[in-house]
Amino acid sequence: MPQKFFAIAGNAFTETIRQPIFFVLIGIGLIWLVLFGPALAAFSLESGKDSKIMIDVELASLLLYGLLASVFSATSVITREIHSFTVLTVISKPVSRPLFLLGKYAGISGALLVGYTILSIACLLTVRHGVMEASVDKFDQPVLWFGCLAIAISLIAGTFGNYVYGWHFTSTVIGWLVALASLALVLVLFLGPQWETQSPTTDFGDMQVIYGITMVFFGVLILTAFAVALATRFNQVLTLVLCIGAYVVGLLSDYWFGRAVAEGLLWRTLYAVVPNFQFFWIGDAITQDILVPASQVAWVGGYTACYVAAVLALGVAMFQTREVG
């Protein structure tokens, strides 16, 4: 059983990483986080507030990436296999449909974690650099040098490996970028904006931005579960629409259902069933200097595990009655 699970998960991971749309979304995400995020945050008209607004924009961008990447990945890996009937070669063997779906979810989630890690590091480097609020502000030299070198070396390695050894370009670039971007972040934590040494806890010692990034990824895991479950029945466009609908309703859960829980069982049920994406959002707390404890992150992680299990159980029920032959 574990061998079959890991084989399906590994196949889904490789397929997802090699999709051109996966690479494109990471590229667009990097450009947005590094260039447009700070630019949009530069209009607060209040000294010292631009960086806090930028954190809000960066976290929202990470969640949007997770929504799009999960839908496109799930539909490409699952819906395509069902429509091309290649799924028959798997489930016709002693591989159950629940195991097939859970393996696909694990593989897609692993690939999304890789892409999310790259964008999270870009987010942390951008937050460390901050917004250039005045012309006298100086650039953060370590962030610029190490960040640009990580991207440049990854692209060169991917191009060289593809041309000389026949390596897959996108997966090679992503692999190099994860390693080099992680190294860049570690080096930056030990160096100040003008190359002076500093304690690695200077920039993110309170862990609030890291907590925010972690909790947003919990929300991405729920969106991925929805995408995987819906992909067993619907095409790419409809899956995207339904996932966006679940995301929007989840964001408005407190407003629509939370305020009416005292009015009856129906509202309490809806409030309990609909995913509350406000649980994964601490951008407002960060901008208002409210410290979020690690225990809250743990509680949200538990909520995520329960909700993912429920959605995947629904997906298994939908897939069990799906005709694939």
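Per the conditions (1) crowded, with 17+ Cβ neighbours inside 10 Å; (2) closer than 25 Å to CYS123 by Cα, the sole criterion not satisfied by GLN288 is (1).
Once the stretch 37-60 is narrowed to residues that are modelled with pLDDT of 65 or more, surrounded by fewer than 19 Cβ atoms within 10 Å (Cβ to Cβ) and aliphatic (A, V, I, L, M), the residue that is nearest to SER120 (Cα to Cα) is ALA60.
Checking every residue in the stretch 142-159 against the condition of being of a type in the set (Gly, Ala, Ser), in contact with a Phe, Trp or Tyr (Cβ under 8 Å, 6 or more places away or on another chain), farther than 27 Å from GLY66 by Cβ and buried (at least 17 other Cβ atoms within 10 Å of the Cβ) gives zero matches. Mind checking which residues of the stretch 240-253 are assigned to a helix (DSSP H, G or I) and under 12 Å from PRO275 (Cβ atoms)? Scanning the stretch 240-253 gives CYS243, GLY245, ALA246, TYR247, VAL248, VAL249, GLY250, LEU251, SER253. When THR172 is tested against the conditions (1) part of a loop (DSSP other than H, G, I, E, B); (2) free of Cβ contacts under 8 Å to residues at least 40 places away in the same chain; (3) among the polar types (S, T, N, Q); (4) under 29 Å from ILE156 (Cβ atoms), the lone failure is (1). The residues of the stretch 289-317 that are in contact (Cβ under 8 Å) with a residue 60 or more places away in the chain and outside any helix (DSSP H, G or I), listed by number, are LEU291, VAL292. Among the residues of the stretch 119-155, those that are hydrophobic (A, V, I, L, M, F, W, C), over 17 Å from PHE36 (Cα atoms) and part of a helix (DSSP H, G or I) comprise TRP145, PHE146, LEU149, ALA150, ILE151, ALA152, ILE153, LEU155. The set of residues in the stretch 237-260 that are over 18 Å from TRP299 (Cβ atoms), buried (at least 16 other Cβ atoms within 10 Å of the Cβ) and either in contact with a helix residue (DSSP H, G or I) (Cβ under 7 Å, 6 or more places away or on another chain) or among the small types (Gly, Ala, Ser) (or both) comprises THR239, LEU240, LEU242, CYS243, ALA246, TYR247, LEU251, PHE257. Of everything in the stretch 273-288 that is assigned to a helix (DSSP H, G or I) and of a type in the set (Phe, Trp, Tyr), the residue that is nearest to PHE218 (Cα to Cα) is PHE280. Return yes when ALA122 is among the small types (Gly, Ala, Ser) and without any contact (Cβ under 8 Å) to a residue 40 or more places away in the chain and no when it is not. Taking the combined requirement at face value, the residue does not satisfy it. Scan the stretch 111-126 and tell me whether some residue there is surrounded by fewer than 17 Cβ atoms within 10 Å (Cβ to Cβ) and among the small types (Gly, Ala, Ser). No, because not a single residue in the stretch 111-126 is surrounded by fewer than 17 Cβ atoms within 10 Å (Cβ to Cβ) and among the small types (Gly, Ala, Ser).
When the stretch 1-37 is filtered for residues that are out of contact with any Phe, Trp or Tyr (no Cβ under 7 Å at 6 or more places or on another chain) and among the β-branched types (Val, Ile, Thr), the ones remaining, listed by number, are THR14, ILE17, VAL24, ILE26, ILE28, ILE31, VAL34. All conditions in (1) touching a residue at least 24 places away in the same chain (Cβ under 8 Å); (2) within 17 Å of the chain's Cα centre (by Cα); (3) within 24 Å of GLY107 (Cβ to Cβ) hold for THR239, with the sole exception of (2).
Could you tell me whether any residue of the stretch 205-222 is part of a loop (DSSP other than H, G, I, E, B), modelled with pLDDT under 95 and either surrounded by 19 or more Cβ atoms within 10 Å (Cβ to Cβ) or within 19 Å of the chain's Cα centre (by Cα) (or both)? Checked against the condition, which is being part of a loop (DSSP other than H, G, I, E, B), modelled with pLDDT under 95 and either surrounded by 19 or more Cβ atoms within 10 Å (Cβ to Cβ) or within 19 Å of the chain's Cα centre (by Cα) (or both), the stretch 205-222 yields at least one hit.
Beta carbons closer than 9 Å, at least 6 apart along the sequence or on distinct chains, pair a first residue in the stretch 92-111 that is without any contact (Cβ under 8 Å) to a residue 40 or more places away in the chain with a second that is assigned to a loop (DSSP other than H, G, I, E, B) for SER92/GLY325.
The values are calculated or read from the model by the stated rules, or taken from the named source; none is laboratory data. None of the values given here were measured: they were computed from a predicted structure. Virtual Cβ from ideal backbone geometry, glycine too; neighbours counted across all protein chains shown.
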